[in-house]
1. Taking 0.36 nm per intervening residue step and subtracting the Cα-Cα distance, what contour gain separates ARG172 from ALA260 on full extension?
2. Can you give the Kirkwood hydrodynamic radius of the chain from its Cα pairs, in Å with one decimal?
3. If you place +1 on the Cβ of every Lys and Arg, -1 on the Cβ of every Asp and Glu, and leave all else neutral, what size is the dipole of region 315-434 about its Cα centre, to the nearest 20 Debye?
4. Looking at GLY79, TYR208, PRO180, which one has the Cα that reaches farthest to the positive end of the dipole of region 70-310 (charges on Cβ: Lys, Arg +1; Asp, Glu -1)?
5. How much accessible area per residue does the chain have, in Å², with a 1.4 Å probe?
6. Cβ under 12 Å from ALA57's Cβ, ALA57 left aside: what net charge do those residues give with Lys, Arg +1 and Asp, Glu -1?
7. Using alpha-carbon positions, what is the distance between the centroids of region 146-202 and region 71-119, in Å?
8. Can you tell me the dipole magnitude for the chain around its Cα centre, using point charges on the Cβ only (Lys, Arg +1; Asp, Glu -1), in Debye to the nearest 20?
Amino acid sequence: MRSSLVPVSSPAGPRAVPRPTAPTGSAAASPESAGPLDVLGVPDLVNLDYAATAPCARVAADAVAELLPWYGSVHRGAGALSQRSTLAYERARQTVGDFLGTRADDEVIFTRNTTDALNLLARAVPAGTTVVTFGGEHHANLLPWPNTVRLPVPDSPAAAIRALSEALRELRRDTDRAAPILVTVTGASNVTGERWPVTELAAVAHRYGARIAVDAAQLAPHAPVDISESEIDYVAVSGHKLYAPFGTGVLAGRADWLDAAPPYLFGGGATLGVGTATNDVRWADGPGRHEAGTPNLLGAVALAAVCTALSEADRTELHTREQELLARLRTGLNALPGIVELRTFHADAPRVGIVSFVVAGRDSAEVAADLARGHGIGLRDGLFCAHPLARRLLAEAAARSGRSDLPPTALRASIGLGSTAAHVDRLLDALADLR
Ligand code: PLP
């Protein structure tokens, strides 16, 4: 098995001819065959675990490789390396902000990942903020919030809009209009891939004088996210799910709460000046306030490179291709006896390339291990850091299928830019063999 850094596929489809191995120490393959959205990987392995961590995009690896000789301190030096590194970091901020559709007065703060971004926002909300969310969220959007109202998981996008509207009407009956409320929802579920109606939820939130944050960890890799167009106040994403696995995430959105909040981290870079008295500190405004310490330049630059490549790509074509693969996967799974899909909404509700399912009578961890060892297929098993939702959907799947032998955890297959019909078929064949 080769394990060099070579693109395994491009969005244009499977390659008939094996690609050349990249020169040692470089992520690049031959330039004439390079596609901007190629992803790196190991040719013989089938990666169906994009929702956990996507493979590295060629453009991300190339951007890092190009910058490495110039790597220097950000915001901290007069030398050429430092100047160039600072420029690259701030350009990356601009590019990522543009990709997410930020407004001129929004802040774009680099974090470690979505979890970090949502924790930052949770610390920044004004004292006394009521946070409204749904029980189907990933733990990263379920656990950080103070003073939370958790709404039951709705059974359709329309029910989500109704439930939020009723909850906010109730809350406003008891609180004055100026009391801060933050609604926080996922853009796409990491368990089912189902898309949430974030634009409509934003409109409901604003009608009641609330703000809305969208956890776009799973949405942004699959669909454009434009926070000014959708009137979303805050958005959080992870670089490693966006084909830029160098340890960067982003929180972007309204500056006022962020500038008024205590710094997320205390230290160098977040201050304008520090005196000798223990409390004599003038904290910076802007992104620097929450980015104390030396920032992750390579992560920011890698993420910006992917954002540029995606912005220049035909997103409609990418969407169509992904939906075709997803339909192939779901149709194939549903045709296999004993396989039951997990879903919150109707089977036809819009979703990104994620499917969770169980194999009746088979332990999910064992199935995942068999697929890995016997077939070179990597997918995820468990409850996907969304325990309340996954447990509920497992119970519903048992009721819907009438089977009493469903396991207590599930399997999840997720696809993205490097996925091909051959990958999907290999999973379906392997599952058929298992039976
Ligand atoms: N939100 C959703 C919907 C996710 O799927 C994940 C991770 O799987 C997260 C948040 C947390 O992302 P990270 O682990 O990159 O912080």
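1. Using 0.36 nm per residue and subtracting the Cα-Cα distance, I get 29.3 nm.
2. For the chain, the Kirkwood estimate is 22.8 Å.
3. 320
4. Looking along the dipole axis, the top candidate is GLY79.
5. On a per-residue basis, 41 Å².
6. Residues close to ALA57 contribute a combined charge of 0.
7. What the calculation gives is 30 Å, centre to centre.
8. Dipole of the chain, to the nearest 20 debye: 480 debye.
The values are calculated or read from the model by the stated rules, or taken from the named source; none is laboratory data. Computed from a predicted model, the values in this text were never measured in an experiment. Glycine gets a Cβ as well: all are built from the backbone with ideal geometry, and neighbour counts include every protein chain shown. Areas reflect the complete protein model, heavy atoms only, side chains present, ligands, DNA and RNA absent. Shrake-Rupley method; radii C 1.70, N 1.55, O 1.52, S 1.80 Å.
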